[in-house]
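Okay, structure first, notes after.
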Amino acid sequence: MKGKPVRASQSEMVEVVLPNQANPLGNILGGRVMHLIDIAGALAAHRHSHSYAATASVDHIDFRYPIRVGQMIVLKSSVNRVFNTSMEVGVKVFAEDILTGERRHTSSAYVTFVALDAKGRPKPVPPVIPETTDERRRYQEAAVRREERLALRLKKSQRRP
Ligand SMILES: CC(C)(COP(=O)(O)OP(=O)(O)OC[C@H]1O[C@@H](n2cnc3c(N)ncnc32)[C@H](O)[C@@H]1OP(=O)(O)O)[C@@H](O)C(=O)NCCC(=O)NCCS
């Protein structure tokens, strides 16, 4: 399969935080951010693979700063590495102030998507080609993260109920 550069599927999603997505302090709910991370990640996975895709796992997520009602939440996603049927997608979340335009990095997550055929079976994905220094670094580091997450998965599946 012919590889595709990371830039071909990089995606950005933006929306304004509304009061119905916030806690009583006026900050966006963590669950809402996780939902948007899943969707933003899926955009890059679909664009890269041109397939249906299922979320197989999400590595841990930190919420470093609150995002306030009335600010914009900006999510950038890119395919870090393709394995066989799975892809690691990195999603970076920012809060952007409408009045000043200032952007603050609030969260990052690594989401693994598995490409599926029309019958819901995992299917191979074209390789991704890292071009920049950062893309090459993420590509290398993704292999280490994959080992860790698959080891964790195995450990969990071996636990007695
Ligand atoms: C994800 C899913 C398709 C994997 O199916 P499976 O039968 O375990 O498939 P396989 O064991 O053949 O693995 C397929 C790929 O998924 C990867 N994978 C499976 N579980 C994983 C996990 N927890 N984390 C990361 N990758 C995972 C495997 O490493 C493999 O990748 P590779 O082909 O690149 O090496 C299946 O578990 C599923 O349908 N899960 C539900 C997905 C879903 O509904 N998500 C929405 C939220 S509930």
- Query: For Pro66, are the conditions met, namely being within 24 Å of Thr133 (Cα to Cα) and more than 16 Å from the chain's Cα centre (by Cα)?
  - Reply: no
- Pair list, Cβ < 9 Å and 6+ apart or interchain, from the stretch 22-34 residues that are over 12 Å from Arg68 (Cα atoms) and of a type in the set (D, E, K, R) to residues that are assigned to a loop (DSSP other than H, G, I, E, B) and open to solvent by less than 20 Å² (accessible area, probe 1.4 Å): Arg32/Val17
- Task: Just need a number here: residues in the stretch 8-42 that are out of contact with any strand residue (DSSP E or B) (no Cβ under 7 Å at 6 or more places or on another chain) and more than 17 Å from Val58 (Cβ to Cβ).
- Result: 7
- Task: Would you confirm whether any residue within the stretch 110-119 is out of contact with any helix residue (DSSP H, G or I) (no Cβ under 8 Å at 6 or more places or on another chain) and hydroxyl-bearing (Ser, Thr, Tyr)?
- Result: no
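Quick one: in the stretch 45-70, which of the residues that are within 16 Å of the ligand (Cβ to nearest atom), free of Cβ contacts under 8 Å to residues at least 60 places away in the same chain and outside any strand (DSSP E or B) is nearest to Ala142 (Cα to Cα)?
Residues of the stretch 45-70 that are within 16 Å of the ligand (Cβ to nearest atom), as a first pass: 45-46, 48-49, 51-61.
Of the ones still in play, those that are also free of Cβ contacts under 8 Å to residues at least 60 places away in the same chain are 46, 55-56, 58, 60-61.
Next cut, outside any strand (DSSP E or B) only: 46, 60-61.
Values: His46: 19, His60: 14, Ile61: 16 Å.
Here the residue is His60.
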- Query: Mind checking which residues of the stretch 111-127 are surrounded by 22 or more Cβ atoms within 10 Å (Cβ to Cβ) and either aromatic (Phe, Trp, Tyr) or away from the ligand (no atom under 12 Å from the Cβ) (or both)?
  - Reply: Phe113
- Working only within the stretch 72-110, note down all residues that are under 18 Å from the mean Cα position of the chain (by Cα), more than 9 Å from the ligand (Cβ to nearest atom) and farther than 18 Å from Glu15 by Cβ. Ser78, Val79, Asn80, Arg81, Val89, Gly90, Ser108, Tyr110
- For Thr100: the one exception among (1) open to solvent by 50 Å² or more (accessible area, probe 1.4 Å); (2) outside any loop (DSSP other than H, G, I, E, B); (3) among the polar types (S, T, N, Q): (2)
- Could you list, in sequence order, all residues of the stretch 113-127 that are under 15 Å from the mean Cα position of the chain (by Cα) and either under 27 Å from Glu96 (Cβ atoms) or part of a loop (DSSP other than H, G, I, E, B) (or both)? Phe113
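Within the stretch 128-161, track down each residue that is in a loop (DSSP other than H, G, I, E, B), surrounded by fewer than 16 Cβ atoms within 10 Å (Cβ to Cβ) and at pLDDT 95 or above.
Glu131, Thr132
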- Task: Return yes or no: is Ala40 open to solvent by less than 50 Å² (accessible area, probe 1.4 Å), within 16 Å of the ligand (Cβ to nearest atom) and among the aliphatic types (A, V, I, L, M)?
- Result: yes
- Message: Filter the stretch 71-97 down to the residues that are free of Cβ contacts under 8 Å to residues at least 60 places away in the same chain and not in a strand (DSSP E or B) and list them by number.
- Response: Gln71, Asn84, Thr85, Asp97
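The values are calculated or read from the model by the stated rules, or taken from the named source; none is laboratory data. The structure displayed is predicted, hence computed values, not measured ones. Using ideal geometry, Cβ is built from the backbone for each residue, glycine included, and neighbour counts are taken over all protein chains shown. What goes into the accessible areas is simple: the full protein's heavy atoms, side chains included, and nothing from ligands, DNA or RNA. Shrake-Rupley method; radii C 1.70, N 1.55, O 1.52, S 1.80 Å.
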